[in-house]
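Chemist: I'd like to ask some things about the structure below.
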Amino acid sequence: MLALLDNPAQWALLRANTELAGQVVEEVLRYDSPVQATLRYAQEDLYLAGRRIAAWDPVYVLIGATGRDPSVFTDPDRFDIMRTPSPDHLAFGSGPHYCLGTPLARLPGLVRAGEPEHRTTMAVRGLARLPVRPG
């Protein structure tokens, strides 16, 4: 919602073309990924950038900037709901971690009603609070 409200032309485009809702979700996730990092465990002994990682060592993987990679996305810092969606982004959870907030992009006529408050965690980026009101 924040990306749409901060880009009124894109918000108007979505309201006029509601069939773009699914595409908008993918662009929002690419543009401002809620997941910034994830923890994984090495499956075998390996060396990465000259450092040894033993099997089952925890590896903290920073993935938040993957949606802004200029070698993958043209003009990656621009929010564009007409961008061809990328099915391979890393932001979208699955199963019990599926983002329940994605349907909010389908609500027409919202405007900001105050300043957003960001979460203060390192691993998951997102808003703790986004005041809105009907427009």
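The values are calculated or read from the model by the stated rules, or taken from the named source; none is laboratory data. Source: prediction; values computed, not measured. Neighbour counts are summed over all protein chains in view; Cβ atoms, including those assigned to glycine, are modelled from backbone coordinates with ideal geometry.
Chemist: So which residues in the range 120-135 are surrounded by 14 or more Cβ atoms within 10 Å (Cβ to Cβ) and assigned to a strand (DSSP E or B), if there are any at all?
Modeler: Val124, Leu127, Val132
Chemist: Looking at the range 28-64 only, could you name the residues that are of a type in the set (S, T, N, Q) and touching a residue at least 24 places away in the same chain (Cβ under 8 Å)? Show your work before the answer.
Modeler: Taking the range 28-64 as the starting set, the residues that turn out to be of a type in the set (S, T, N, Q) are 33, 36, 38, 43.
Of everything in the range 28-64, those that are of a type in the set (S, T, N, Q) and touching a residue at least 24 places away in the same chain (Cβ under 8 Å) turn out to be Ser33, Gln36, Thr38.
Chemist: Go through the range 69-119 and give me each residue that's surrounded by 10 or more Cβ atoms within 10 Å (Cβ to Cβ), small (Gly, Ala, Ser) and modelled with pLDDT under 90.
Modeler: Answer for the range 69-119, where residues must be surrounded by 10 or more Cβ atoms within 10 Å (Cβ to Cβ), small (Gly, Ala, Ser) and modelled with pLDDT under 90: Ser86, Ala91, Gly93, Gly101, Ala105, Gly109.
Chemist: In this structure, does Leu62 turn out to be at pLDDT 90 or above, surrounded by fewer than 15 Cβ atoms within 10 Å (Cβ to Cβ), of a type outside the set (S, T, N, Q) and more than 25 Å from Ala9 (Cβ to Cβ)? Steps first, please.
Modeler: Numbers: at pLDDT 90 or above: no; surrounded by fewer than 15 Cβ atoms within 10 Å (Cβ to Cβ): yes; of a type outside the set (S, T, N, Q): yes; more than 25 Å from Ala9 (Cβ to Cβ): yes.
The answer is no for Leu62.
Chemist: Looking at the range 21-55, which of the residues that are within 23 Å of Val124 (Cα to Cα) and of a type in the set (A, V, I, L, M, F, W, C) is surrounded by the fewest Cβ atoms within 10 Å (Cβ to Cβ)?
Modeler: Step one: list which residues in the range 21-55 are within 23 Å of Val124 (Cα to Cα), which gives 22-42.
Next cut, of a type in the set (A, V, I, L, M, F, W, C) only: 24-25, 28-29, 35, 37, 39, 42.
Values: Val24: 25, Val25: 20, Val28: 24, Leu29: 22, Val35: 19, Ala37: 14, Leu39: 9, Ala42: 15.
Ranking the qualifying residues of the range 21-55, first place goes to Leu39.
Chemist: Here's a follow-up. Name the residues in the range 15-59 that are modelled with pLDDT under 95, among the aliphatic types (A, V, I, L, M) and at negative phi, would you?
Modeler: Leu20, Ala21, Val24, Val25, Val28, Leu29, Val35, Ala37, Leu39, Ala42, Leu48, Val59
Chemist: Within the range 10-18, does at least one residue satisfy the condition of being touching a strand residue (DSSP E or B) at 6+ places or on another chain (Cβ under 7 Å), of a type outside the set (Phe, Trp, Tyr) and in contact (Cβ under 8 Å) with a residue 40 or more places away in the chain? Before the answer, list the steps.
Modeler: Residues of the range 10-18 touching a strand residue (DSSP E or B) at 6+ places or on another chain (Cβ under 7 Å): none.
No, the conditions are met nowhere in the range 10-18.
Chemist: Out of all the residues in the range 48-70, which are under 11 Å from Gln36 (Cβ atoms) and β-branched (Val, Ile, Thr)?
Modeler: Once the filter is applied, which keeps residues that are under 11 Å from Gln36 (Cβ atoms) and β-branched (Val, Ile, Thr), the range 48-70 yields Val61, Ile63, Thr66.
Chemist: Identify, by number, the condition in (1) under 25 Å from Arg68 (Cα atoms); (2) at pLDDT below 80; (3) not aromatic (Phe, Trp, Tyr) that Pro134 doesn't meet.
Modeler: Of (1) under 25 Å from Arg68 (Cα atoms); (2) at pLDDT below 80; (3) not aromatic (Phe, Trp, Tyr), only one is false for Pro134: (1).
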